[in-house]
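What follows is a single structure, written as C-alpha cells, with notes after it.
The values are calculated or read from the model by the stated rules, or taken from the named source; none is laboratory data. Keep in mind the model is a prediction, meaning the values are calculated, not measured. Cβ placement follows ideal geometry from the backbone for every residue including glycine, while neighbour counts extend to all protein chains displayed.
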Amino acid sequence: MSKHPKRDSKHSRVGAGLGKFEPGGQSGPIEDPTEYEALIQGVADPEQREFLEEASRFATTWQYLSSANMQLPQEVAAEVANLKDQSLSVRERTTRMRDANQRLMEFIDKHDRKDASVRQ
C-alpha cells in the first residue's frame, strides 16, 4: 500500500489548471518584450490599454523592489488593492495606478539617496 493517499480527480484537475500560469502556459508570463507589447497594443479600448500600461509599469517596479530585497510600501500596496473596487471607472483606476507608480518611484528615489549618503 502506498504511503501517499490517492489524489481524487478534482484535485488533479485543479493542479493541472494551475499549470497554465507557469512559463510557457496559456496564461503564463510573457518573456518576449515584442510579444508583450503586441498583446498590449492589441487591446482595442484606449482607456483599457492605458491602464494595462500603467499596471505593467507597476509590476516591473515591484519586481525591481523584490530583486533589491525591498518591501512594497504598505500605503502603495493598499492603494493598488483598492483598484478592485468595481465602482471605479477604467479612467479612475488608471489615474490611481499612475499615482501609485509615482509614489513608488519617489520611495525608490528616497531609498537610493539614503543609501548613497551611507556609502559616502
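Taken over the stretch 40-98, the criterion of being surrounded by 13 or more Cβ atoms within 10 Å (Cβ to Cβ) and outside any helix (DSSP H, G or I) is satisfied by Val43, Met70, Leu72, Pro73, Leu88. The single condition among (1) under 15 Å from the mean Cα position of the chain (by Cα); (2) of a type outside the set (Val, Ile, Thr); (3) at pLDDT below 95 that Ala100 does not satisfy is (3). Any chance you could count how many residues in the stretch 65-85 are in contact with a helix residue (DSSP H, G or I) (Cβ under 8 Å, 6 or more places away or on another chain) and under 13 Å from His111 (Cα atoms)? Summing the residues that are in contact with a helix residue (DSSP H, G or I) (Cβ under 8 Å, 6 or more places away or on another chain) and under 13 Å from His111 (Cα atoms) in the stretch 65-85 gives 5.
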